[in-house]
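Visitor: Okay, handing you the structure first.
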Amino acid sequence: MGPAKLYVHVPFCHSKCAYCDFYSTPHAKWMEGYVDAAINEWESRKYMAPAGVDTIYLGGGTPSSLPMALLGKLLSALPVTDDIREFTIEANPEDVTSEWVGFIREHTGINRVSMGIQSFSDTELRLISRRHSAADAIRAYKMLRAEGIGNISCDLIYGLPGQTLDSWKQSLDTLISLAPEHISAYLLSYEEGTRLHAMLSTGKIKETDEDTIYDMYGYMCDALRSAGYNHYEISNFALPGKEAVHNSSYWDGSIYIGIGPGAYSWDGIHRIYNPSDIKRYIASAGVDFGVTEDETVDNRFNDNIMTALRTRKGLDLKALTEEYGEGMVDEMKAQLPPLLAEGHLCLSDGNILTIPEKHWLISNSILLPLIRV
């Protein structure tokens, strides 16, 4: 068993974005109690990493909204050692100041910043309730570079209400011109409980039509390939050697430890979920707060298939057979002929199953016949 991955969910945001269904709260009064509880939770969970930790990821929420003193207190309790291969913090453009960047670079060990830009259209940004402008995002990016941050990931969203192919091209081209090491580009999903879902349900906005979505996806794949990016997972692109190390744990079955309300952990057998409740989390002091969910063999088999086929690396049928046995894998293989004939799946070296890049947008429908129910 190799080193574990450590994820810390920082559940604070200045305000809620219209598309977001991740757990967060705008109430800064809980920050100090949260940090104390998160430190306690890490102390109670470190047994899950007998081989140590090699990546740390601070997500949210908006980790950059934590005051620097509290951020420093939290990080001082985490296993920040020379063995850490990648240490990421998520940030919003409006939080990126020279003082903040200097602090994370000089005092925290953080070596990678993931910035949520989402669009370079001010109209689109206002619609989804982002607090920054396109100019703010460019300023923040250039400040990260000027202050010596050498590994930057940026997020964009396509399929936004009112977004056109031309406006998507403009956003993507602008980001490519900045040349971040990593780009995450997500197709908008209307999650129940979000403001955009409510606006869609009441007819205030319309979904982007399917043809436009496919045109956006096609342009993205072509433009990023031409710019030297490797499309290594359905929503993720990286310059050579800059693939997200931490994210790979979710796709290859590695052990990961989730700290904070709303976070998940995986010890290889059990999935542990922390309820999304900041008050209860603080009251528990972060200890014995998680709910353990036993996963069946079928659950793990399905997870293996679904995560692997969302990557360019694909699904190794030999390794799958070694882990689950010929019976389960043969049942799955029986579903392959029509998918292979249609070109929705490809088999290389007689052993590696992949979904071609052009079909990743319909990956869910391709995966459905392979899943054990």
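Visitor: How do the helices (runs of 4 or more DSSP H) wholly within the stretch 15-112 filter down when requiring 2 or more residues that are closer than 27 Å to Lys142 by Cα and among the aromatic types (Phe, Trp, Tyr): which remain?
Guide: Counting at least 2 such residues, we get 98-107.
Visitor: Just to be sure before I move on: is Asp209 open to solvent by 60 Å² or more (accessible area, probe 1.4 Å), free of Cβ contacts under 8 Å to residues at least 24 places away in the same chain, closer than 25 Å to Arg130 by Cα and among the acidic types (Asp, Glu) in the structure I sent?
Guide: yes
Visitor: Which pairs turn up if I take residues in the stretch 315-334 that are closer than 15 Å to Thr354 by Cβ and among the acidic types (Asp, Glu) and look for partners that are at pLDDT 95 or above and not in a helix (DSSP H, G or I) with beta carbon separation below 9 Å, at least 6 apart in sequence or on another chain?
Guide: These pairs meet every condition: Asp316/Ile352; Asp316/Leu353.
Visitor: For the stretch 48-63, indicate whether the set of residues that are open to solvent by 30 Å² or more (accessible area, probe 1.4 Å) and either at pLDDT 95 or above or of a type in the set (Lys, Arg) (or both) is non-empty.
Guide: Within the stretch 48-63, none of the residues are open to solvent by 30 Å² or more (accessible area, probe 1.4 Å) and either at pLDDT 95 or above or of a type in the set (Lys, Arg) (or both).
Quick grid of which residues meet (1) under 17 Å from the mean Cα position of the chain (by Cα); (2) crowded, with 18+ Cβ neighbours inside 10 Å; (3) without any contact (Cβ under 8 Å) to a residue 12 or more places away in the chain:
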{"residue": "Ile104", "(1), (2), (3)": "no, yes, no"}
{"residue": "Arg112", "(1), (2), (3)": "yes, yes, no"}
{"residue": "Leu125", "(1), (2), (3)": "no, yes, yes"}
{"residue": "Leu160", "(1), (2), (3)": "no, yes, no"}
{"residue": "Gln163", "(1), (2), (3)": "no, yes, no"}
{"residue": "Pro180", "(1), (2), (3)": "yes, yes, no"}
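Visitor: From (1) in a loop (DSSP other than H, G, I, E, B); (2) open to solvent by less than 50 Å² (accessible area, probe 1.4 Å); (3) under 13 Å from Tyr158 (Cα atoms), pick out the condition that doesn't hold for Ser189.
Guide: (2)
Visitor: For the stretch 290-303, give me each residue that is open to solvent by less than 40 Å² (accessible area, probe 1.4 Å) and more than 20 Å from Asn351 (Cα to Cα).
Guide: Matches in the stretch 290-303: Gly290, Glu295.
Visitor: Would you mind telling me which numbered condition in (1) part of a helix (DSSP H, G or I); (2) open to solvent by less than 40 Å² (accessible area, probe 1.4 Å) Met306 fails?
Guide: Only one criterion in (1) part of a helix (DSSP H, G or I); (2) open to solvent by less than 40 Å² (accessible area, probe 1.4 Å) is unmet by Met306, namely (2).
The values are calculated or read from the model by the stated rules, or taken from the named source; none is laboratory data. This is a predicted model, so every value here is computed, not measured. So basically every Cβ, Gly included, is an ideal-geometry build from the backbone, and we count neighbours across all protein chains shown. In case anyone asks, the SASA skips ligands and DNA or RNA and just uses the protein heavy atoms, side chains included. Shrake-Rupley method; radii C 1.70, N 1.55, O 1.52, S 1.80 Å.
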